[in-house]
Structure formats: C-alpha cells, structure tokens
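K.L.:
Mind looking over this structure? Questions follow.
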Amino acid sequence: MCFPAYPWWDEMGRFLRYLKNIFFSPRRKKSQEAALVSCDFKQRYHAFKLLLNANNNALEIMGEIEKLLSQGRPFGMSSINANCTAVLVNIYRMIRNLDRLAPGKYGALFHRFDAIQSDINHILKEKPLVEDKRLVIFISDIDMTMTDLVGGKMANLGEVKNVLGVNVPDGFVLTAYACEYFFGYNNLQLEINRLIQAVPFDDINKPYKLSSQIQQLIINARLPSDLKKLVEKALAALKERSRQPLTLALRSSALGEDSAGISFAGQYRTVLNVCVENIFQAYKEVVASKYSVTAISYRMNRGFRDEDISMCVGCMAMIDAVSGGVAYSCNPFDIHNDSIFIHSTWGLPKSVVDGSLNSDLFVVDRNPGFRLIQKNIPEKDKKIVCDPEEGVCKIDIAKDFQLLPSLNEKTITDLAKLTIKIESYYGAPQDIEWAVVGSDPPVIYILQCRSFKQKHKAAKKVCIVSKLDKEKLIAGEGIMASPGVAAGEAYIVDKRVDLLKFPENAILITRRALPDWAPLLNRACGIITENGGFAGHLASVAREFEVPALFGVPAICQKIKNGETITIDADGLCVYKGRIESLLENKFKKKNLMEASPVYKLLKKVGRHISPLNLLDPDSSKFSISNCKTLHDITRFIHEKSVYEMFNFGKNHDFEENTSKQLYHHVPMQWWILNLEDGFKKKVAGKYVLLDDISCVPMLALWEGIIAVPWEGPPPINGKGLMSVMFQATANPALNLGMRSKYSERNYFMISRQYCSLSSRLGFHFSILEAFVSERVRQNYISFRFQGGAADYERRLKRVRFIGNFLSDYGFKIEIKKDNMHARIKGYEKGFMMDRLKIVGYLITHTRQLDMITSSLGMIKRYHNKFKRDIESVLNIKMVHECESIK
C-alpha cells in the first residue's frame with residue numbers, strides 16, 4: 001500500500017494558510033480600511049456639498065428679506081410665509097448635513113434651531129382675539145370704542161349719531177365676529193389661505209383669477225341658520241321703526257377702513273337699494289368684495305395681512321336722495337387753507353365718490369356767517385337714482401336742471417355748519433359723505449365720515465418753462481386731484497383688460513376716475529382723467545400713494561396717443577408733450593408706504609430672529625451654539641465648523657489622499673489646500689502641492705489676483721491711527737495673537753475643479769470666499785465676506801465701506817452690517833466670473849491694515865485710484881457700473 005508524500009490534512013493546512021495570507025494579511029487589511037475611509041470621505045463630501053447649497057439658499061433668502069424691508073416695494077403675508085418656510089427648511093438641511101460630517105458632535109444645534117423656529121412661528125400666528133362675540137348690533141348702540149367689532153366706518157357713524165345727535169340712517173351691523181363665524185362655519189379661511197399662498201403677486205394676471213375664485217367661494221357658501229335668524233329679527237325691528245316701505249343700503253365697514261392715511265377708499269363694495277328678502281345675498285357680496293382685485297392690491301400695497309381684516313357690514317335704511325356728495329372740512333392740499341369744500345350732484349352721491357359724473361363745487365368760509373366764496377357749476381346731464389324695482393340706475397337730467405346748482409344757499413350753509421361740528425368733535429380734518437332728503441324742509445343725512453391728513457403745501461421752486469416748452473402744451477386746465485410732477489409713457493385705459501398691459505412707470509390716461517383703476521397706482525407715475533374731481537375715491541387713493549393726478553381734462557384721450565412720452569404738472573394744471581426737465585427738477589421722492597404697515601412691522605419682528613449676525617470671530621470664546629441667537633448665526637457657525645471637520649477628516653483617519661497639503665509657493669504666507677474631489681490634476685503625495693498641480697478654476701483665478709501686484713507693505717500710519725490700533729490690541733482680547741489657534745493662523749482652501757472655498761486670516765481681519773465657476777451660467781456665483789481689523793470700530797466700518805463701494809463698481813451686490821461686509825454676484829459667464837475672482841484676490845492682498853488710514857479722505861482716494869489702476873493695467877479688467885449690460 002502506497003501513501004502520498006504529504007497527508008491530505010497537510011495539504012488542507014497549506015491551503016488555509018494561503019487563504020489567510022490573501023484575506024487577512026496586514027497589507028490587505030490596510031487596503032480594506034483605506035477603501036472604507038475613502039468611501040466615508042465621499043459620503044462626507046456629498047453632505048458638505050448639500051450643506052453649502054443649503055447655506056447659499058439660506059443667505060439668498062435672508063437677502064430677499066432685507067430687500068423687502070429696505071426697498072419699499074409691496075409684499076404680503078404670502079411672501080413672508082414663503083421666505084420664512086424656505087429659510088427654515090434650508091437651515092435645517094445644513095444642521096442635518098453637519099451632523100453627517102460629525103455625527104452627534106453638534107447635536108445641540110437641533111435644540112437651538114427648534115427654539116428659534118418656535119419664536120418665528122409664534123410671531124407669524126399671532127392674531128388678535130375677538131372677545132365680544134355679538135353677531136348683530138344696532139347703530140343706536142354703537143360708539144367709537146367698538147371699532148374692532150363693527151369697523152371704523154360704522155363706529156364713526158354710531159358716534160356722530162349717538163353723541164352729536166347727527167342724522168344717520170337707521171340700521172344695524174353684522175359684526176367682525178359674524179364674518180369670522182360665517183367663515184368658520186364653511187371652513188373658508190383655510191381654502192382662502194391656500195389659494196393666496198399659491199399666487200405670486202408680481203404677475204398682474206394672477207390676482208384676477210384668484211379674486212374670482214375666492215369671491216365665488218364666499219358667495220356660494222351657506223350662512224349659519226342662527227345668524228340668519230338674528231338678522232331677520234333685526235330686520236323686523238327696523239321695519240317697525242321705519243313705518244314705510246323699507247329697502248337697504250349694505251355698506252362695507254372692514255377693520256382698518258376709514259382710518260387717517262389708510263382709507264381703503266372705494267376698495268370694497270356697497271350695495272344700494274336692496275330688497276329686504278335679498279339681504280343675505282347682498283351681505284355675501286359685500287363680504288366677498290374683501291377679495292376684489294382692487295382690495296387685494298390695496299392691502300398688499302399698504303402692507304395689511306389678510307387675516308387682520310374682518311369684514312363688518314352695515315345694513316342701513318336706504319336714503320332716496322334729492323342731492324348728495326362729499327364735503328371736506330378744509331383743503332386737502334394746503335394746511336393753511338381752512339375753507340370748507342362741498343362737492344354735490346343731483347341724486348345719490350355715488351357719482352361723486354366714484355368720479356363717474358361731473359359735480360358742483362362750493363367753497364365756504366368757515367368763519368361765522370359761512371360766506372360762500374366760490375362756486376363752480378358744470379353741466380350735469382345725468383344722475384344716479386334708486387331704481388323702482390331694486391338697485392340703482394343712471395337717468396337723464398331735465399335740461400332746465402342741468403346748469404342749476406344742486407344745493408341752495410341755506411342747505412350749503414347748514415352742511416358747512418354740520419361739517420365743522422363733526423371736525424371740532426374729532427379734532428381733525430374730515431371727509432364726509434352726505435345726502436339730502438326732501439325739500440320742505442331738506443334733511444341732511446351723514447352716510448360716512450373719516451379723518452384725513454391735510455398736506456403741507458410744498459414750497460415750490462420758481463420754475464420757468466421756456467417758450468419752446470410752452471409750445472409743447474397739450475392741455476392747460478382741469479382739477480388737481482393729487483399734487484406733483486411726473487413724466488412717462490402715456491397709456492390709455494378704457495376697460496379692465498387694459499390693466500393687464502399697463503407698463504411700469506407709465507401715466508394712466510382714462511375717461512372716468514373710477515376706483516377700478518386703483519390697482520395701477522403702485523405702477524403708475526401719474527394719472528390724467530376726463531371726468532371726476534378731488535373728492536372721488538381714486539383721488540383719495542392717489543393722494544395716499546403720492547401719485548400726481550389731474551382730473552377733469554376735456555378730451556384728453558383724443559389728444560394723446562398710447563406710448564407717447566408726456567409730462568404732467570398737476571399743480572400747474574398742465575400736460576406737455578415730451579419731458580419738461582425744468583418741471584421735473586421739482587419732483588419729490590415718494591415715501592415708503594410699507595414702513596408703518598402691519599405686514600412690514602411683522603416682517604421686521606420676524607427678521608430679528610433671522611438676519612442679524614452676532615457670531616463674527618470664530619476664534620472668540622463666544623463662538624458657540626449657545627450664542628446662536630438668530631438663523632444667520634446658525635449658518636455662520638455651521639459653515640465654520642463644516643470647513644473645520646472637512647480639513648480634519650484626513651488627519652483623524654490617517655488618510656493621506658485627502659489630507660490638507662501646504663501650497664509650495666514664494667508668497668510669504670501659509671496656504672493650506674484640501675482637495676475635495678478633482679481639484680488636483682493628479683494624485684499628489686507628500687505634504688506639499690505645487691500650483692501647477694491644481695486644476696481648480698476659481699482658485700486659480702483668485703490666486704492670479706492675490707499675486708498680481710506685490711503688496712507695498714503697511715500704509716503710512718498717522719498718530720491717531722497708530723493709537724487706535726494700540727488701544728484696540730490692548731482692550732480687545734480677540735486681537736491677541738497669542739490666543740489664536742493654529743487653525744486661525746493659516747489660510748485654508750477647499751477645492752474641486754469648479755468649486756473653491758477660502759477661509760483666510762491676514763493680520764487682524766478675516767475673510768471667507770466661496771465660488772462656483774463653470775460653463776453653466778445659472779450655477780455660477782461668488783460670495784465674499786470681510787470682517788474685523790485692529791483699529792477702532794469707525795475705522796473698520798470705513799474700510800468695509802471702502803471695499804464694498806469698490807466691489808459694487810464691478811457688479812457685486814453689497815450688504816454691510818456693522819464692520820462686516822458681504823459681497824455677492826451670480827449668474828454670469830465663466831470669463832466674467834473669473835475676472836471678479838481676480839479682483840477679490842487683489843483686495844485680499846492689498847486691503848491689509850487699510851483701517852489704520854481710513855480717517856483720511858485723501859488717503860482713501862489715493863488707494864481707490866491705485867487699486868483701479870492696478871486692476872485695469874495689470875489684470876486688464878474695466879470698471880462696470882451696470883453689470884447687467886454685459887450679461
């Protein structure tokens with residue numbers, strides 16, 4: 001029997017040892033560990049890219065919030081809600097991705113974020129509680145203390161009726177709580193909020209569809225049965241008191257309406273001569289008018305939250321007027337003119353307030369005797385009266401009455417006395433709608449009264465219109481409805497569809513001065529109409545918006561063509577062809593109508609938890625999670641820590657391939673580079689990397705600027721500048737060089753082929769740059785932050801302003817808070833963006849210690865000129881004031 005040379009178990013043993021050497025050798029183990037670390041790094045890099053994207057989005061949104069607060073353009077709650085939601089979502093993404101870079105290390109950020117989010121949500125959801133839950137209240141029981149329950153219009157009427165004993169039509173009010181109850185019964189508010197949130201109001205086409213959807217929603221909704229029973233009971237009592245056939249006028253009385261300076265004039269609906277059995281339909285129409293295009297536009301332009309305005313509705317006995325109109329207790333345009341201005345017409349006052357027909361003007365001296373000092377009686381060929389069936393209609397006036405005054409002298413005097421009585425009670429100028437019933441004797445009823453702000457007559461400069469300009473006169477008559485001068489493209493509006501095509505900063509030309517045109521006032525620079533006077537609703541809103549308006553200009557629509565450039569001089573009652581520069585020199589700057597508005601105040605309150613930046617110096621002991629007071633602080637903290645975690649990953653994991661490497665270059669500063677992905681042309685071994693090994697497009701452009709012109713060294717310091725630096729270095733522990741970490745003493749790049757991030761500290765200031773540059777124009781951006789210095793605060797502030805102004809000349813958008821500057825530019829082609837990086841690189845090198853000499857205007861000018869020369873001659877880049885022109 002023969003046996004093999006080696007037993008089978010020896011063969012098996014050798015085979016197992018062979019497998020062990022393959023799979024469990026030290027080299028194999030090290031290779032596997034390296035593969036795992038490499039995979040981990042790729043996952044972290046992906047998280048880092050997501051973090052940077054969220055960071056950029058958050059900063060963009062914060063910039064948008066700052067714009068809303070500073071530029072004066074209209075915005076509503078939809079903008080606030082959208083921006084707050086977006087910034088919170090992006091900052092939460094930043095926290096999650098930082099947690100992926102350093103699991104569990106910064107967990108306290110989640111709690112800090114939750115606290116700030118809770119504060120923001122609490123502000124956004126604030127709503128005044130309705131304590132008085134009465135649904136129906138008679139006017140005889142109303143006074144001014146009930147404004148929040150019945151609205152300003154009905155509260156004023158209740159006050160003058162019950163306190164002053166003035167004649168006011170009998171009736172009752174469906175309260176703010178009635179409207180809230182009606183909406184809650186049908187779950188209307190949730191659906192309305194959803195519709196509003198989905199519509200961008202910068203597109204003028206959208207509000208028309210939105211308005212129609214919401215109004216139909218309200219009109220088709222059911223009224224609660226208990227509310228209907230209360231109204232029917234009030235109607236029965238009103239019928240019994242009137243002792244004659246009863247029809248109704250349903251008048252809006254929204255919260256905020258008829259307050260001084262914010263009138264909502266003509267923005268809501270009034271339904272006249274309503275049969276009793278149709279009261280519920282008319283009520284829903286008035287409530288729905290809260291969402292008319294004009295009302296939505298007005299609220300947005302004046303900064304009111306939708307949820308802050310409940311619609312109260314006055315249900316009043318209809319007054320079938322012989323004549324009616326509007327009285328002003330003094331001249332709205334001149335605080336020194338206290339004459340009483342009475343506008344009147346035959347029939348109902350509707351045509352006076354909506355500016356649709358001509359009206360008489362009576363000017364009365366307020367001194368004892370109430371002398372009539374001026375009257376203007378135009379031809380009045382039509383009037384508005386109650387229709388025998390329901391509603392109102394326009395009818396012809398008999399020829400014998402067309403040129404007759406619509407009021408006799410005794411009624412004019414009585415109306416003037418009543419106007420002064422109401423003004424004296426309120427202690428403010430009054431705008432009063434009135435109606436006269438009967439003739440033997442005539443009885444005056446007050447339908448509405450509100451305070452208004454009388455304007456100071458501007459001290460107008462002497463303006464000589466040249467003989468050549470006088471030849472350009474198109475019209476030289478009319479009524480000044482709102483003072484001022486404007487020039488722009490003429491645009492004739494006849495129908496509502498014309499509103500959709502109305503150009504920005506055009507002059508509105510129209511036949512009738514209707515409230516329907518009010519949505520254009522935030523886009524129009526002037527108004528000219530053929531009919532109407534300064535007592536109408538459109539005139540009132542034009543004065544609020546400070547839009548020059550000239551009304552009652554005969555045949556102006558035939559004299560001007562669409563697109564023609566014209567100049568309107570409302571004070572001088574003139575319209576000219578072309579631009580009359582001598583007049584436009586007197587043009588005044590409009591005030592920011594948003595600043596005092598509820599929406600503006602709310603955004604400012606919310607903004608305190610979003611935009612302020614308190615964490616500035618990463619080397620300070622206060623740079624911590626507990627000191628993150630705002631969302632901006634959180635972004636700053638996360639950005640700094642994310643860079644730190646990425647740089648330290650290679651060191652902590654013995655991962656040479658993605659360990660930071662020092663740039664080997666003749667520049668006498670330390671520059672460390674972390675290759676995130678494809679920032680090197682090839683694999684680089686060892687501790688150093690050469691510039692020739694780098695493929696990062698933005699870093700190479702930035703570097704070209706850094707080394708383009710050698711630094712001349714510190715600027716010559718005067719005594720005050722030196723003392724400022726010495727004092728700050730002594731008093732401010734953050735400037736103590738001995739307290740800085742190794743991390744803060746270096747300049748750190750993180751790069752890929754198209755991305756670059758630089759954290760730099762040169763001397764006592766530090767800067768952060770991020771850039772993405774590629775062939776994809778829409779993705780390109782540069783973000784540059786600069787902060788700090790060794791001098792006192794004022795000098796540091798002057799330096800960041802100097803840098804900011806310089807960069808703005810090259811197309812950057814600049815934001816400065818304290819001594820912190822943020823410059824940003826995006827969306828330009830690759831070559832343009834590389835040039836801007838060269839400029840930033842140049843400034844990083846050459847703005848060192850400039851804070852020491854910023855008190856000298858001569859030195860600032862010298863350095864500005866030097867920088868400009870260097871950039872133009874060495875870098876071959878020209879200054880651009882209008883960056884958009886080279887897109």
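K.L.:
Let me spell it out: the conditions are (1) closer than 29 Å to VAL363 by Cβ; (2) assigned to a loop (DSSP other than H, G, I, E, B); (3) under 24 Å from the mean Cα position of the chain (by Cα), and TRP517 meets all of them except one. Which number is the exception?
P.N.:
(2) is the only condition that TRP517 fails.
K.L.:
Is it the case that PHE727 is of a type in the set (Phe, Trp, Tyr), exposed (fewer than 15 other Cβ atoms within 10 Å of the Cβ) and either modelled with pLDDT under 85 or assigned to a strand (DSSP E or B) (or both)?
P.N.:
Against the criterion (of a type in the set (Phe, Trp, Tyr), exposed (fewer than 15 other Cβ atoms within 10 Å of the Cβ) and either modelled with pLDDT under 85 or assigned to a strand (DSSP E or B) (or both)), PHE727 qualifies.
K.L.:
Considering only the stretch 795-811, how many residues are free of Cβ contacts under 8 Å to residues at least 60 places away in the same chain and buried (at least 18 other Cβ atoms within 10 Å of the Cβ)?
P.N.:
Qualifying residue count, the stretch 795-811: 7.
K.L.:
Also, quick follow-up: Could you list, in sequence order, all residues of the stretch 421-443 that are surrounded by fewer than 18 Cβ atoms within 10 Å (Cβ to Cβ) and of a type in the set (A, V, I, L, M, F, W, C)?
P.N.:
Within the stretch 421-443, ALA428, VAL437, VAL443 qualify.
K.L.:
Shifting gears a bit: Restricting the search to the stretch 264-301, which residues are among the basic types (Lys, Arg) and under 29 Å from the mean Cα position of the chain (by Cα)?
P.N.:
Hits for the stretch 264-301 are ARG269, LYS290, ARG299.
K.L.:
In the stretch 159-178, is there at least one residue being touching a residue at least 12 places away in the same chain (Cβ under 8 Å), part of a helix (DSSP H, G or I), within 19 Å of ALA435 (Cα to Cα) and open to solvent by less than 40 Å² (accessible area, probe 1.4 Å)?
P.N.:
Yes: one or more hits.
K.L.:
Anything in the stretch 328-384 that is touching a Cys at 6+ places or on another chain (Cβ under 8 Å) and surrounded by fewer than 16 Cβ atoms within 10 Å (Cβ to Cβ)? List them, or say none.
P.N.:
ASN337
K.L.:
Ok, one more. In the stretch 669-692, what residues are open to solvent by 70 Å² or more (accessible area, probe 1.4 Å) and charged (D, E, K, R)?
P.N.:
GLU677, LYS681, LYS682, LYS683, LYS687, ASP692 - these are the residues of the stretch 669-692 that are open to solvent by 70 Å² or more (accessible area, probe 1.4 Å) and charged (D, E, K, R).
K.L.:
Within the stretch 533-548, which residues are open to solvent by less than 10 Å² (accessible area, probe 1.4 Å) and either out of contact with any Cys (no Cβ under 8 Å at 6 or more places or on another chain) or over 24 Å from TYR208 (Cα atoms) (or both)?
P.N.:
Residues satisfying the conditions are ALA535, GLY536, LEU538, ALA539, VAL541, ALA542, PRO548.
K.L.:
Condition check: in the same structural domain as SER482 (by TED's automatic domain parsing) and either open to solvent by 10 Å² or more (accessible area, probe 1.4 Å) or at pLDDT 90 or above (or both). Does ASP571 satisfy that?
P.N.:
yes
K.L.:
Which count do you get for residues in the stretch 618-644 that are assigned to a helix (DSSP H, G or I) and either modelled with pLDDT under 85 or out of contact with any Lys or Arg (no Cβ under 8 Å at 6 or more places or on another chain) (or both)?
P.N.:
Looking only at that region, the number is 14.
K.L.:
Let me ask you something else. Would you mind telling me which numbered condition in (1) in contact with an Asp or Glu (Cβ under 8 Å, 6 or more places away or on another chain); (2) more than 28 Å from LEU676 (Cβ to Cβ); (3) not in a helix (DSSP H, G or I); (4) not hydrophobic (A, V, I, L, M, F, W, C) GLU66 fails?
P.N.:
Just one mismatch for GLU66, condition (3).
K.L.:
Separate question: What number of residues within the stretch 92-119 are touching a residue at least 12 places away in the same chain (Cβ under 8 Å) and of a type in the set (S, T, N, Q)?
P.N.:
2
K.L.:
Moving on. Scan the stretch 280-296 residue by residue and report those that are open to solvent by 20 Å² or more (accessible area, probe 1.4 Å) and closer than 18 Å to SER225 by Cβ.
P.N.:
PHE280, GLN281, LYS284
K.L.:
Still on this model: Just the residues that are touching a Ser or Thr at 6+ places or on another chain (Cβ under 8 Å) and either charged (D, E, K, R) or open to solvent by 10 Å² or more (accessible area, probe 1.4 Å) (or both), please, taken from the stretch 616-636.
P.N.:
PRO618, ASP619, HIS632
K.L.:
For the structure I just gave you, tell me whether LYS589 is surrounded by fewer than 18 Cβ atoms within 10 Å (Cβ to Cβ) and either at pLDDT below 85 or at positive phi (or both).
P.N.:
yes
K.L.:
Any idea which of (1) out of contact with any strand residue (DSSP E or B) (no Cβ under 6 Å at 6 or more places or on another chain); (2) more than 26 Å from LYS453 (Cα to Cα) is the one LEU514 doesn't satisfy?
P.N.:
(2)
K.L.:
What residue, of LEU762, LEU735, LEU769, LEU758, is modelled with pLDDT under 65, closer than 15 Å to LEU843 by Cα and among the hydrophobic types (A, V, I, L, M, F, W, C)?
P.N.:
Every option except LEU762 fails the conditions.
K.L.:
Continuing with this model, one more query. Look through the stretch 462-501, keep the residues that are within 12 Å of LYS577 (Cβ to Cβ) and not in a strand (DSSP E or B), and return whichever of them is modelled with the lowest pLDDT.
P.N.:
Taking the candidates together, the pick is LEU468.
K.L.:
Take the stretch 310-320 and flag every residue that is of a type in the set (A, V, I, L, M, F, W, C) and open to solvent by 10 Å² or more (accessible area, probe 1.4 Å).
P.N.:
Selection gives ALA317, MET318, ILE319.
K.L.:
Within the stretch 369-392, is there a residue that is more than 47 Å from the chain's Cα centre (by Cα) and of a type in the set (S, T, N, Q)?
P.N.:
No, the conditions are met nowhere in the stretch 369-392.
K.L.:
Give ILE527, ILE560, ILE580, ILE566 a once-over and let me know the one that is open to solvent by less than 10 Å² (accessible area, probe 1.4 Å) and within 26 Å of the chain's Cα centre (by Cα).
P.N.:
Among ILE527, ILE560, ILE580, ILE566, only ILE527 is open to solvent by less than 10 Å² (accessible area, probe 1.4 Å) and within 26 Å of the chain's Cα centre (by Cα).
K.L.:
Exactly one condition in (1) open to solvent by 10 Å² or more (accessible area, probe 1.4 Å); (2) modelled with pLDDT of 90 or more; (3) not β-branched (Val, Ile, Thr) is false for LEU837; which is it?
P.N.:
(1)
K.L.:
Another question about this same structure. Suppose we filter the stretch 105-145 for residues that are over 33 Å from the mean Cα position of the chain (by Cα), of a type in the set (Ser, Thr, Tyr) and not in a loop (DSSP other than H, G, I, E, B); how many remain?
P.N.:
Going through the stretch 105-145 one residue at a time, the tally reaches 1.
K.L.:
Moving to a separate point now. Taking into account only those residues within the stretch 846-862 that are assigned to a helix (DSSP H, G or I) and surrounded by 19 or more Cβ atoms within 10 Å (Cβ to Cβ), which is modelled with the highest pLDDT?
P.N.:
Per the criteria, the residue is HIS846.
K.L.:
Do we find that PHE75 is of a type in the set (Phe, Trp, Tyr), open to solvent by less than 20 Å² (accessible area, probe 1.4 Å) and not in a helix (DSSP H, G or I) in this structure?
P.N.:
yes
The values are calculated or read from the model by the stated rules, or taken from the named source; none is laboratory data. As the structure is a computational prediction, the values presented were derived from the model and not from experiment. Here the Cβ is made from the backbone with ideal geometry for all residues, glycine too, and neighbour counts use every protein chain on show. Ligands, DNA and RNA are stripped out before the accessible areas are found, and what is left, the full protein with its side chains, is counted by its heavy atoms. Shrake-Rupley method; radii C 1.70, N 1.55, O 1.52, S 1.80 Å.
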